[in-house]
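Chemist: Structure below; questions to follow.
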Amino acid sequence: MAAMTKRERCLRAARLQETDRTPVYDILQNDGLIEHLAGELLTVENGARVKGAAIARALDMTRMPDGPHAPGIERGEDGLLIRHERWTSWIIERPWHDRATLTAWIKQQIARAEAQVFDRAFAEAFHRRMDHYQGLFGDDTVQVVESGVGLTEIYHPLGWEEFSYLLADEPDLIEAWLDARHRAELRRVAAIADPQRIPIALTYDDIAYKTGLLISLRWLRERWVPRLRALNDAWHERGALCLFHSDGCLWPILDDLVAAGIDGLNPLEVAAGMTVRAARERYPKLFLTGGVDVSQLLPLGTPDEVRTACRENIAASGGVGYFLGSTTELHWEIPTANIMAMFETAWGS
């Protein structure tokens, strides 16, 4: 088979068609790997350019193409105090001290979501940013755009304990917030969707952990799945396929996700029992991404062990509809030799 462009390879794989080789989809957050691929020292100042060169060398599809962050502390418009480190960030202070001030804060977030405007100027700025990164890649690497249903952006600022109490005590408040965020995202999709720039969207919410769902299946089916369906429909109507992302064990809800219109599944967390073989057997029409364990195998295994796992995944996929990649991202604790073993297995497949 003749060599394909990255875009051709990705779109054919996403449609479960034969490709010249297995495409690679991942997120690069590993200084040693990026420097190895780009042949240049990575700094905060040159991060996007150097990472772009590494992406061009190794990946067919990616997201989060920005470079490392300068360490520091930032207070957002929502009042959350965030600490940034090179490849990560976390909340260090929340702007409430009791239920009354928390409720008032949530109502402010609902009003902010309702007031968000995604006009032509917003869309043009969004597309300029995508085009900037495409220029850094220097090729047609597919950029996957994230598009959340809205739940993650609720429980993350609250923290799981506060979120759980509110879901039990004030379910209508949580639903009003979810609804406001969801409708804002539908407006954003209408503004930015462009099948040339965004052939694949990452619809998401992290709803599971290693042994099950983070929230009851009943609640998810009643409150969350219909909104996922509407989000997938919005992207489909505008020419994009929908790759759904959640870490953890998704088996209890995967039938619902498929019924809600997902086209693909990411990242197939092996440590949670999500494997390429099992997913392909149960859902032969989904395209699959990931499946190379990043919690144990990639950071602690040998290059030969990585190659074996990659070859097994490719074989289990039936050779179509599969993007080789890690079970989350290629983080800073993984030896470069192990990541290169994964890449080289795809390149030679």
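The values are calculated or read from the model by the stated rules, or taken from the named source; none is laboratory data. From a predicted model like this one, the values you see are computed outputs, not experimental measurements. Glycine also receives a Cβ, built like all others from the backbone with ideal geometry; neighbour counts cover every protein chain displayed. To get the accessible areas, we keep the full protein, side chains included, count just its heavy atoms, and leave off ligands, DNA and RNA. Shrake-Rupley method; radii C 1.70, N 1.55, O 1.52, S 1.80 Å.
Chemist: What does the convex hull of the Cα atoms of the range 249-330 come to per residue, in Å³, rounded to a whole number?
Modeler: Values: hull volume 6.4 nm³, N = 82.
Each residue corresponds to 78 Å³ of Cα convex hull volume.
Chemist: With just the Cα atoms defining each centre, how far is the range 10-75 from the range 117-145? Give it in Å.
Modeler: The two parts, judged by their Cα centres, are 15 Å apart.
Chemist: Tell me the per residue accessible area of the range 103-143 using a 1.4 Å probe; a whole number in Å² is fine. Before the final figure, lay out the partial values.
Modeler: Details: 2360 Å² over 41 residues.
Here the per-residue accessible area is 57 Å².
Chemist: Ignoring trypsin sites (Lys or Arg not before Pro) that are buried or in helix or strand per DSSP, and keeping those with at most 14 other beta carbon atoms within 10 Å, what is the longest stretch of the chain between them?
Modeler: Within the chain, the longest run free of exposed trypsin sites (Lys or Arg not before Pro) spans 16-209.
Chemist: Scale the Cα Rg of the range 203-349 by the rule-of-thumb value 2.2 N^0.38 Å and send over the ratio, two decimals.
Modeler: Dividing the Cα Rg of the range 203-349 by 2.2 N^0.38 Å gives 1.07.
Chemist: Using the C-alpha atoms of the range 134-274, what convex hull volume per residue, in cubic angstrom, is computed?
Modeler: Expressed per residue, the convex hull around the Cα atoms of the range 134-274 is 121 Å³.
Chemist: Here's a follow-up. Taking only the alpha-carbon positions of the range 296-349 and ignoring solvent, what does the Debye formula give for the base-10 log of I(q)/I(0) at q = 0.13, 0.18, 0.24, 0.30 Å⁻¹?
Modeler: So the normalised log intensities work out to -0.28, -0.53, -0.91, -1.30.
Chemist: List the lysines whose alpha-carbon lies under 30 Å from that of residue 6, not counting same-chain residues fewer than 8 positions away?
Modeler: The qualifying lysines are 51, 285.
Chemist: I've got another one for you. Where the accessible area of the range 57-204 is counted over protein heavy atoms with a 1.4 Å probe, how much of it, in %, is carbon and sulfur?
Modeler: 51 percent
Chemist: Between residue 117 and residue 162, how many nm apart are label points set 7 Å from Cα along the C-beta direction?
Modeler: Here the modelled spin labels are 3.0 nm apart.
Chemist: With every protein chain present, what is the per residue accessible area of the range 185-302 (1.4 Å probe, Å²)?
Modeler: 38 Å²
Chemist: Using bins 10 angstrom wide from zero, how does P(r) for the range 1-105 break down, in % of all Cα pairs?
Modeler: Taking all Cα pairs of the range 1-105, the binned fractions are 13, 29, 23, 19, 12, 3, 0 percent.
Chemist: Compute the acute angle (0 to 90°) between the alpha-carbon long axis of helix 160-169 and the principal axis of greatest extent of the alpha-carbon atoms of the chain; round to the nearest 10°.
Modeler: With rounding to tens, the tilt is 50 degrees.
Chemist: Please give the helix 336-347 orientation as an angle from the longest Cα principal axis of the chain, in degrees from 0 to 90, rounded to the nearest 10.
Modeler: 70 degrees
Chemist: Using the Kirkwood radius over Cα pairs, work out the Stokes-Einstein diffusion coefficient for the range 39-100 at 20 °C and 1.002 mPa s, in µm²/s as a whole number.
Modeler: Estimated via Stokes-Einstein, D reaches 155 µm²/s.
Chemist: While we're here: In Å and on Cα atoms, what radius of gyration and Dmax does the range 100-143 show?
Modeler: Expressed in Å, the Cα Rg and Dmax of the range 100-143 come to 17.3, 52.
Chemist: Report D for the chain in µm² per second (integer): Stokes-Einstein, Kirkwood Rh on Cα pairs, 37 °C, 0.692 mPa s.
Modeler: Roughly 156 µm²/s, to the nearest whole number.
Chemist: In the range 258-313, carbon and sulfur make up what percent of the accessible area (probe 1.4 Å)?
Modeler: 53 percent
Chemist: Follow-up question, since we're still on this one. Counting other Cβ atoms within 10 Å, keep those with at most 12, restrict to DSSP loop, and tell me which GluC sites (Glu not before Pro) in the range 3-107 are left. Intermediate values should be presented prior to the final figure.
Modeler: Working: sites: 8, 18, 35, 40, 45, 74, 77, 85, 93; in loops: 18, 40, 45, 77, 85.
Within the range 3-107, the qualifying GluC sites (Glu not before Pro) (loop, at most 12 other Cβ atoms within 10 Å) are 18, 45, 77, 85.
Chemist: If you fit an axis through the alpha-carbon atoms of helix 225-237 and take the longest principal axis of the Cα set of the chain, what angle between them do you get, 0 to 90°, nearest 10?
Modeler: Between the helix axis and the principal axis of the chain, the angle is about 60 degrees.
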